[in-house]
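Visitor: Starting off with a structure, shown below.
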């Protein structure tokens, strides 16, 4: 029987019932984002992902909820996160079957984000304000999808670079190619930041520690 590698998350402190949803949900979404957009691995249907990123309206929560559903569906079934074992004591653990290299990539990025949390939040706020100002101009012109100006495009590209750096996201050039629009790229990076921030808070509070390379690899 072929051995499968598993990945361990250390569980500490007191957990509430909501934590059993919030943390695994954020981890699953971050894993799917990195797997499909920032790893050397191939999703099942790259064109399906690109079609969604280019075709969604990117207004309100609908697009964000559905794009993560697309990401998850395009991970090959053997590499979709599945629970191997879970124990909640002090300390406890959550062992998962998944692609450990992607999990390590997420863990490394969370650690880096934690070390620059203040500056990362400042970049996120700058991105939010930039998009708000662009949308305000569109409402004023009564054009929901008015083409961004050269200055706005330049600002969005620059903010993408800053946010990607804080997120440890290496494939920004490819993301722009997939989306065909720096505004969509920026919105995706902002969505990823929000979910990574959940993992960062769990680590900061001592509730969950994502194992780094050479610290959690197991065979089954």
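Bear in mind these aren't lab numbers, they're just calculated from the coordinates by the rules spelled out. Since the model is a prediction, treat every value here as computed from it, not as a measurement. With ideal geometry, Cβ positions are generated from the backbone for all residues, glycine too; neighbour counts draw on all protein chains shown.
Visitor: Based on DSSP H runs of at least 4 residues, each adding -39500 (n - 2.57), what is the mean residue ellipticity at 222 nm of the chain after dividing by all its residues, to the nearest 500 deg cm²/dmol?
Guide: Taken over the chain, the calculation gives -20000 deg cm²/dmol.
Visitor: Separate question: Residues of the range 69-89 with backbone nitrogen within less than 13 Å of a virtual label 7 Å along the Cα-to-Cβ line of residue 22, please, listed as ranges.
Guide: Nothing falls inside the zone, counting backbone N under 13 Å.
Visitor: Just to confirm the number: angle between the C-alpha axis of helix 182-204 and the first principal axis of the chain, 0 to 90 degrees, nearest 10?
Guide: Approximately 30 degrees, to the nearest 10.
Visitor: Here is a further query. To test your reading of the geometry: what angle, between 0 and 90 degrees and rounded to tens, separates the Cα axis of helix 117-141 from the longest principal axis of the chain?
Guide: 40 degrees
Visitor: Let me ask something else. Determine how many Å³ per residue the convex hull of the Cα atoms of the range 5-219 encloses.
Guide: 122 Å³
Visitor: Pairing the Cα long axis of helix 19-37 with the longest principal axis of the chain, what angle in degrees results, from 0 to 90 and rounded to the nearest 10?
Guide: The helix 19-37 is inclined about 60 degrees to the chain.
Visitor: Let me ask you something else. How fast does the range 58-179 diffuse by Stokes-Einstein, in µm²/s, taking the Kirkwood radius from C-alpha pairs at 20 °C and 1.002 mPa s?
Guide: Once the numbers are plugged in, D ends up at 121 µm²/s.
Visitor: What is the range 7-107 by shape, rounded, prolate or oblate, if you read a ≥ b ≥ c off the alpha carbon gyration tensor as root eigenvalues and call it rounded for a/c under 1.5, prolate for a/b larger than b/c, and oblate otherwise?
Guide: It comes out oblate by the Cα gyration axes.
Visitor: Related question: Output the peptides 45-51, 111-117, 98-104 sorted from most to least packed, where packing is the average of other Cβ atoms within 10 Å over each peptide's residues.
Guide: 98-104, 111-117, 45-51
Visitor: Okay, next question. Using 0.36 nm per residue, how much length does the chain from residue 65 to residue 154 gain when fully extended, once their Cα-Cα distance is taken away?
Guide: Full-extension gain reported as 29.3 nm.
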